[in-house]
Amino acid sequence: MNHHDHHGHEPAVEPNREEIITMETPPIVSPLEWENAREELLVKEKELTRARDALAATLKRLTEAGLEPEPVRYPGGSEGPKTSWLTDPDGYRIELVEWPPGHPDGITEADFS
């Protein structure tokens, strides 16, 4: 009787090593390819930052003018449009929408699918 049997425990079973080691790795790229991809990402990041800042500035101007927009929402998830509602002095509700980069202006048929 070994130590494990004495205490009612089973000895550890060695797992299949092929199952453990299998994983996908990202492609290896040259320093130039990496730098080009990084520059493209920085351009997109700046576009998003400018769009976010523009929406924040618009909401601030509306608030300063006495219009209080509702909190910003993301109905399509973090990658979708940003929206906010406000009520004008006559009681009409207006939806403000900031479309994600690359989206055509306005609502498209694809937005309903």
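Distance between the modelled labels on ARG52 and THR25, one decimal in nanometres: 3.3 nm (7 Å Cα→Cβ projection). Seen from PRO81, the other residues with C-beta closer than 12 Å to its C-beta sum to a net charge of -3, counting Lys and Arg as +1 and Asp and Glu as -1.
Remark: LEU86, LEU32 ranked as LEU32, LEU86, counting other beta-carbon atoms within 10 Å and listing the fewest first. Treating r as the C-beta distance of THR108 and LEU67 and R0 as 25 Å, the FRET efficiency rounds to 0.35.
Counting charges near THR58 (Lys, Arg +1; Asp, Glu -1) among other residues having Cβ under 12 Å from its Cβ returns a value of +1.
Rounded to two decimal places and with Rh computed the Kirkwood way over Cα pairs, what is Rg over Rh for region 63-104?
Dividing the radius of gyration by the Kirkwood radius yields 1.05.
Calculate I(q)/I(0) for region 29-112 by the Debye formula, one identical point scatterer on each C-alpha and no solvent, and give its log10 at q = 0.23 Å⁻¹ to two decimals. Taken in order of the listed q values, log10 I(q)/I(0) reads -1.15.
The numbers here are math on the coordinates, done by the rules we state, and not lab data. In this text the structure is predicted, and so the values were computed from the model without any measurement. A quick note on method: Cβ atoms are made from the backbone with ideal geometry, for glycine too, and the neighbour counts reach across all protein chains shown.
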